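Here, each number is a calculation from the coordinates, and none is a lab measurement. Model, not experiment: these values are computed from the prediction. Reconstructed Cβ throughout: ideal geometry from the backbone, glycine too, with neighbour counts over all protein chains shown.
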Amino acid sequence: MASLTITPEGVSDYDYVDYVLASELAYDLMIAISSAKILDKLNYSEYSNELLAISKALAGEISLLLYTGHYVDGLASEISEAIDYDWIDTFNDVEFLELLRKAIELRYLIDRNIASSKQALDFLNLMTKVFRMNAICESSTLLGKICRNPEPKLVLQLFCTALVVALGGLSEDGGKVVQD
């Protein structure tokens, strides 16, 4: 929840707690996914599945904290087709944590009205690398349009949706089918 904050620059609706909470959740998400991956390789799939369920909840919380209020009809469906769901097998925890950190930073810049298309494009490039969303920018789809005109709020909304979709959505069965 944002609240009014008095700073030397004046009064703003920026609430430091939201960014700290998002950062803590991001770190917890990275640890949960890393641990799930390790447990799965050790054939402890029941524990791995529990951690992946926790990861979904953490991803949902992060997405809610970073949500820009820009719903894009059809975005989740396109993302579900573009993401390589095996990204988690080649999961690089440092790179993933950097992606999450940059998402929080982009939200901060958006809140301050100083986010640029260049920053959004750089973030988008990292996101497509981490989630292995190859060739989306060359497509004529909605995702391609966002790539060609990387408006920061839309790019952050794309990330929030992709984060949830990349972990199998919010369903308990982990299905890859997404309904907008």
So which of LYS37/LYS118; LYS102/LYS145; LYS37/LYS129 end up more than 28 Å apart, counting from Cα to Cα? LYS37/LYS118
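Multiply the residue separation of GLU98 and TYR67 by 0.36 nm, subtract the distance between their alpha-carbon atoms, and state the gained length in nm to one decimal. It would help to have the intermediate numbers written out before the result.
Numbers: separation 31, 0.36 × 31 = 11.16 nm, distance 1.84 nm.
The span from GLU98 to TYR67 would gain 9.3 nm if fully extended.
Of the listed peptides 107-117, 60-70, what is their order by residue-averaged count of other C-beta atoms within 10 Å, with the highest listed first? Walk me through the numbers before you get to the answer.
Working: 107-117: 15.1, 60-70: 16.9.
With the highest mean Cβ count within 10 Å placed first, the list reads 60-70, 107-117.
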